[in-house]
Amino acid sequence: MEDVKQILLREIDTLNREERRDNKPRFSFKFLKTHPGLWASMYGCYVLTVALIFTTDFLGWPAFWGATLFVLLMSGLMLMDINPKYRFEDIDTLDLRVCYNGEWYYIRTLSPEAVNDILVSEKVPDNVKQGINKLLSLKGEVDFYDVFHLAWGQRNAATV
């Protein structure tokens, strides 16, 4: 089973490298392009807040500068994009990373080269190879979870 794990690790490393998944924040206009209404409503609420600040007696310049700083900070944070790394240990694990990363191991398929490497390896048990061939004939593809489930069953990926 160590061969299967090494093939999956190699495939995960390839995905991380190709998609620049390195847990580093990057400046991006992706959020602004996908949610322009949210962006506009934030600035609309800012204008209403400024109007409220200057029409009341007990608010003034400190409240204005605080609101302005807050809106600028939130604007900057919305322009940051982080691509979290895929990790072998996350396969079939439900934690906070799933909220951001999704259950990637269900939807990301293995490359044909990785599937072929598993099928031709002499160290991979026949039941795993048969399961992969069956999945290929039924679905036409094999994802990370399929291989993990065939090789290790219900075990936790962190213990493999």
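The values are calculated or read from the model by the stated rules, or taken from the named source; none is laboratory data. Just so we're clear, the structure is a prediction, and the values are computed from it rather than from any experiment. Heads up, the Cβs are rebuilt from the backbone with ideal geometry, glycines too, and the neighbour counts pull from every protein chain shown.
Numbers for the structure displayed
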{"quantity": "Helices (runs of 4 or more DSSP H) lying entirely in the range 1-101 (those with 2 or more residues that are of a type in the set (G, A, S))", "calculated": "36-55, 61-78"}
{"quantity": "Hey, Y105 surrounded by 12 or more Cβ atoms within 10 Å (Cβ to Cβ), in contact with a Lys or Arg (Cβ under 7 Å, 6 or more places away or on another chain) and modelled with pLDDT under 90 or not", "calculated": "no"}
{"quantity": "Selection from the range 11-26 of residues that are surrounded by fewer than 12 Cβ atoms within 10 Å (Cβ to Cβ) and touching a Pro at 6+ places or on another chain (Cβ under 7 Å)", "calculated": "N23"}
{"quantity": "Inter-residue pairs, beta-carbon under 7 Å, first closer than 11 Å to M78 by Cα and in the range 18-47, second exposed (fewer than 12 other Cβ atoms within 10 Å of the Cβ) and hydroxyl-bearing (S, T, Y), 6+ apart", "calculated": "none"}
{"quantity": "Meets criteria (among the basic types (K, R), modelled with pLDDT under 90 and surrounded by 15 or more Cβ atoms within 10 Å (Cβ to Cβ)) for R155", "calculated": "no"}
{"quantity": "Selection status of R17, closer than 25 Å to V142 by Cβ, at pLDDT 85 or above, not acidic (D, E) and not assigned by TED's automatic domain parsing to the domain that holds H149", "calculated": "no"}
